[in-house]
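Structure, as structure tokens:
The values are calculated or read from the model by the stated rules, or taken from the named source; none is laboratory data. Quick caveat, the model's predicted, so the values are computed rather than measured. Neighbour counts are summed over all protein chains in view; Cβ atoms, including those assigned to glycine, are modelled from backbone coordinates with ideal geometry.
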Amino acid sequence: MEQTYVMFKPDCVERGLVGRILSRFEEKGLRLVAMKMLRVTPAMAKVHYAEHVEKPFYKGLEEFITASPVVATVFAGPEVIRVVREMLGATSGLKAAAGTIRGDYSASRQMNLVHASDSPESAAREIPIYFRPEEILNWDPSLACWYQAPGEA
């Protein structure tokens, strides 16, 4: 089963939207397999955003992501990376379609509430920044049979 890293960013935590947005993923039938609240350190930010460290906007990005706690999660499910990214909508909340998470709750490019891995390679790189293998609990909910037909998972 595919896994993806999803971070509820400082603006999401500060605005009290974690539960509301988390419930959208759960209601979709995505499986929450890891979750913790933490503060991203500057060192963690440099690893997470390694491709941006030398860019002019990086300083502001690091200040934002370390300013307040985040909630780090891992979700699992069929095509979970694509599904989560489509649920989030465009990076800028001003350009995200109504009905998407960013379209409904964000009006900013940087303060766009949630980060999600954009590929299996990104998920494989990002998950270990925030979680040790034993913190990821792969499990089968008793209602799993009601989310996909046999053979779809």
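Of note:
- Residue match in the range 73-84 (condition: in contact (Cβ under 8 Å) with a residue 60 or more places away in the chain and of a type in the set (D, E)): yes
- Residue match in the range 27-40 (condition: more than 29 Å from P141 (Cβ to Cβ) and surrounded by 18 or more Cβ atoms within 10 Å (Cβ to Cβ)): yes
- Among (1) among the charged types (D, E, K, R); (2) farther than 18 Å from Q110 by Cβ; (3) in contact (Cβ under 8 Å) with a residue 40 or more places away in the chain - the single one E14 does not satisfy: (2)
- Any hit, the range 85-92, residues being touching a Cys at 6+ places or on another chain (Cβ under 7 Å) and on the phi > 0 side of the Ramachandran plot: no
- So A107, is it among the aliphatic types (A, V, I, L, M) and assigned to a helix (DSSP H, G or I): no
- Selection count, the range 21-44, where residues are assigned to a helix (DSSP H, G or I), under 15 Å from the mean Cα position of the chain (by Cα) and either in contact (Cβ under 8 Å) with a residue 12 or more places away in the chain or more than 16 Å from T73 (Cα to Cα) (or both): 5
- Within the range 124-149, tally of residues that are surrounded by fewer than 10 Cβ atoms within 10 Å (Cβ to Cβ) and either part of a helix (DSSP H, G or I) or polar (S, T, N, Q) (or both): 4
- Residue satisfying all of: in the range 1-20; within 21 Å of N138 (Cβ to Cβ) and surrounded by fewer than 20 Cβ atoms within 10 Å (Cβ to Cβ); nearest to the chain's Cα centre (by Cα) among these: E2
- Within the range 55-75, one or more residues are modelled with pLDDT of 95 or more, of a type in the set (G, A, S) and within 20 Å of S119 (Cα to Cα).
- Evaluation of V83 against the conditions (1) loosely packed, with under 13 Cβ neighbours inside 10 Å; (2) of a type in the set (A, V, I, L, M); (3) part of a helix (DSSP H, G or I) shows that the sole unmet condition is (1).
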